[in-house]
Amino acid sequence: MSVVKAIAAIAGAPDAFGADNEVIRTLMSLPWKGNVRELDNVIEHAMILGEGEWITLRDLPRSLVDDNTTIPFSGDCLRDALHSYEKTHIETVLKRTEYDKRRAADLLGISLSSLYRKMEELKIAAH
């Protein structure tokens, strides 16, 4: 059972069918730090305040949605899609840590040297 359907059953909103692709990409790009409750709360918020059967970006809390959290469409090539996701995710974590690279590397679960290598490879500005 999906998280959305489970929350819909608990909240008494069985007509919720799911979330659109932009919402999924946005939620996947955010650093949840292993906190499933936070994700559950965001989805529950979207379901309660949202209109319609599908969760859209309009339904997410404004604090989560900005122009840089969604992953741009990169075509059908899996390698390009993975690079696009990885770049967006690293940029999001760097912003959230105010470009503290050591802290960002810790949150990403990689070494500092790996972060610098990824930033160079993916052409992410050092700030």
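A short reminder: the numbers here are calculations on the coordinates, not readings from a lab. Because the structure is a prediction, the values reported are computed rather than measured. Ideal geometry is used to build each Cβ from the backbone, glycine not excepted, and the neighbour counts take in all protein chains shown.
To one decimal place, what Kirkwood hydrodynamic radius in Å is obtained for the stretch 78-121 from all pairs of distinct Cα atoms?
Mean inverse Cα-Cα distance, inverted, gives 10.4 Å.
Hey, with R₀ at 22 Å, roughly what FRET efficiency would Glu121 and Thr56 work out to, going by the Cβ-Cβ distance, to 0.05?
Computed FRET efficiency for Glu121 and Thr56: 0.10.
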